[in-house]
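Notes follow the structure.
Please treat every number below as a calculation from the coordinates, not as lab data. Bear in mind the structure is a predicted one, so any value in this text is a computation, not a measurement. Note: ideal-geometry Cβ built from the backbone for every residue, glycine included; neighbour counts use all protein chains shown.
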Amino acid sequence: MILDMIWGGKMWTRMDSAEVNQALIYFCDLLDIDPESIDIIPLSHRDQCGGYASIDDDGIVLIKIKKTLGRKWFIRFLAHELIHAKQYLDGRLRYDAYIDLFIFDDKIIDCEYGDEPYEIEAYSVEPILTAAYFDRFE
């Protein structure tokens, strides 16, 4: 979802909505994601994590990112969470509430955060996307 519809062009996370939209569209293009399938929601400064993604029953990926992040960290978190969006939308990542675990590539994942294969993938692709964005727009 384009942020002007949500934020009315106001400043958000030290970036205006135009740059957030630019980053969203750029990353979605690289990842072959429809930007209309993404909602970006600010997290309070009190939240412990910098960001996370989930998917709702309508197939919309909700990306929540801490609103107090600086520009470079915001772009980095957005890239990372959009990789999870791609995993969700492609059906590779899903949460099973019955067993209270994630399933990735048809395997139940029950391990520490840094060992989760969907996080390993996101952390490996994130710097490539982020570098491409800053090479193009800085």
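To the nearest ten degrees, helix 17-31 and the longest principal axis of the Cα atoms of the chain are 40 degrees apart. Packing, taken as the mean count of other beta carbons within 10 Å per residue, orders the peptides 104-113, 56-65, 17-26 from highest to lowest as 17-26, 56-65, 104-113.
Using the average count of surrounding beta-carbon atoms within 10 Å as a protection proxy, the listed peptides 90-97, 120-127, 77-84 rank, highest first, as 77-84, 120-127, 90-97.
Phi angles of the stretch 123-129 translate, via the Karplus equation with coefficients 6.51, -1.76, 1.60 and θ = phi - 60°, into HN-Hα couplings of 5, 7, 8, 3, x, 5, 5 Hz per residue; Gly and Pro are given as x. Under the simplified labelling scheme, the S44-E138 pair shows an inter-label distance of 3.2 nm, with each label point 7 Å from Cα along Cα→Cβ. Relative to the longest principal axis of the Cα atoms of the chain, the long axis of helix 71-89 lies at roughly 40 degrees. For the chain, the mean residue ellipticity at 222 nm estimated from helices alone is -14000 deg cm²/dmol, where every DSSP H run of n ≥ 4 contributes -39500 (n - 2.57) and the total is divided by all residues, rounded to the nearest 500. Once you divide the Cα radius of gyration of the chain by 2.2 N^0.38 Å, the number left is 1.03. Any idea what the relative contact order of the chain is, in percent, if you count C-alpha pairs under 8 Å spaced at least 6 apart? This gives 19 percent for the chain.
If each residue of separation counts as 0.36 nm, what is the full-extension length gain between I60 and I108 once their alpha-carbon separation is subtracted?
Working: separation 48, 0.36 × 48 = 17.28 nm, distance 2.26 nm.
Here the segment from I60 to I108 would lengthen by 15.0 nm.
Counting beta carbons within 10 Å around each of R136, R76 and listing the fewest first gives the order R136, R76. Looking at the stretch 4-133 alone, DSSP beta bridges between its own residues are antiparallel in about 70 percent of cases.
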